[in-house]
1. Residue-wise, which Karplus ³J(HN,Hα) couplings in Hz belong to the range 285-298, taking 6.51 cos²θ - 1.76 cosθ + 1.60, θ = phi - 60°, and x for glycine or proline?
2. Take the Cβ-Cβ distance between residue 247 and residue 42 as r, set R0 to 25 Å, and report the resulting FRET efficiency rounded to the nearest 0.05.
3. For the range 198-304, how many pairs of lysine residues have a Cα-Cα distance under 27 Å, where the two are 8 or more positions apart or belong to different chains?
4. Rounded, prolate or oblate: which fits the range 230-310 when a ≥ b ≥ c are the square roots of the eigenvalues of the alpha-carbon gyration tensor, with rounded for a/c under 1.5 and prolate only if a/b beats b/c?
5. Indicate the gyration tensor shape class of the range 50-125 (rounded, prolate or oblate), computed on the Cα atoms with a ≥ b ≥ c the square roots of the eigenvalues: a/c under 1.5 is rounded; otherwise a/b larger than b/c is prolate and the rest oblate.
6. Normalised by the residues of the range 166-310, what does the relative contact order come to in percent, with Cα pairs under 8 Å and at least six apart?
7. Sort 195, 182 by accessible area with a 1.4 Å probe, largest first.
8. For the chain, modelled as a GNM with alpha-carbon contacts under 10 angstrom, which of 44, 262, 98 fluctuates the most?
Amino acid sequence: MESKGRVYLLASIFGALSALIVVFVSGFAFNTKPSTQENRDYIKHINENYRIYSLPLPEQADFCNEKMPLEVTDVAERLDRELLVNSYWHSNTLLSIKRSRRWFPVIEPILKKNGVPDDFKYLSLIESGFTNAVSPAGAVGFWQFLPETAKQYGLEVNEEVDERYHVEKSTEAACAYLKDAYNKFGSWTNVAASYNMGMGGVSKQQTRQGESNYYDLLLNEETSRYLFRIVALKEIVNNADKYGFVVRPSDLYEPYSFQLVKIDGPVDDFGIFAKEHGMNYKEFKILNPWLRESFLKNKNKKEYFVKVKE
């Protein structure tokens with residue numbers, strides 16, 4: 001009984017102390033709550049110092065020298081939307097600006113060589129953000145090719161090699177698609193729309209609606225926004241400071257430096273191969289993401305060129 005009495009006494013003391021702690025903490029929390037006047041002062045401070053600006057539209061805009069009719073109300077508003085979204089999506093747009101310095105010099109000469117307008121480099125940018133993105137539908141790489149389309153345009157796609165991840169080769173394939181689409185539509189604006197919707201999808205809507213101009217077509221949400229996203233990124237990347245982006249030359253991502261090495265047989269271990277060329281496996285895979293395994297069987301002794309450190 002005496003032992004139980006001590007237990008009950010200790011329990012009572014502990015309970016009382018717990019209650020006091022709760023009261024103290026609650027009182028402390030209550031006392032730290034800002035007063036009504038403090039809240040008013042804080043709101044005043046925000047109102048006086050915080051600004052989110054509406055952006056003026058550029059006086060004119062074009063895609064591949066095809067004029068965007070900004071005098072049409074819905075056209076102006078659609079460009080306004082994409083300028084706002086991408087100007088205030090700070091982190092993503094900053095990364096787009098930084099990565100452009102690395103990848104534009106790779107993509108631009110390939111577009112030029114194939115007679116494809118330079119503005120299509122911005123299509124690649126909005127498709128992937130210059131990352132090896134994989135869409136829910138299984139589209140892959142900078143140009144977001146689906147497997148069958150990639151094979152149709154000459155890219156190798158299998159478990160060991162997936163050239164949708166090969167920037168130079170996938171850009172060549174994209175150029176072939178874009179030129180085919182231009183032969184069909186005769187308008188680079190419609191070509192861009194078809195890259196999102198497919199040539200058949202654009203043709204179907206043109207026939208159904210009796211219109212050939214992208215800006216006069218009622219299309220699905222994604223394709224309706226598509227060209228405006230391209231033009232908005234083009235405008236922002238080329239006029240970063242105008243849209244509030246402060247990017248020093250030293251902040252931009254430099255192009256990779258490398259040399260090409262020919263492979264015309266199997267490679268048992270790219271980790272060892274990388275070490276033999278003065279780099280580690282991670283560095284090798286960053287330069288050659290199209291090699292999907294750590295080895296290459298290459299039974300047909302196909303000729304490949306891989307990038308290694310200079």
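1. Once rounded to whole Hz, the list reads 6, 4, 7, 10, x, 6, 7, 8, 10, 8, 8, 9, 6, 6.
2. Numbers: r = 32 Å, r/R0 = 1.29.
Plugging the Cβ-Cβ distance into 1/(1 + (r/R0)^6) gives 0.20.
3. So the count works out to 21.
4. The shape class here is prolate.
5. Details: a/c = 3.44, a/b = 1.31, b/c = 2.62.
It is oblate, given that a/c is not under 1.5 and a/b is not larger than b/c.
6. On the way: 126 pairs, mean separation 29.1, N = 145.
Once divided by the residue count of the range 166-310, the mean separation gives 20 percent.
7. Working: 195 35, 182 80 Å².
The residues order as 182, 195, largest area first.
8. Among 44, 262, 98, the largest mean-square fluctuation in the Gaussian network model of the chain belongs to 44.
The values are calculated or read from the model by the stated rules, or taken from the named source; none is laboratory data. All values derive from a computational prediction rather than experimental measurement. Please note: Cβ atoms are built from the backbone with ideal geometry, for glycine as well, and neighbour counts cover all protein chains shown. To get the accessible areas, we keep the full protein, side chains included, count just its heavy atoms, and leave off ligands, DNA and RNA. Shrake-Rupley method; radii C 1.70, N 1.55, O 1.52, S 1.80 Å.
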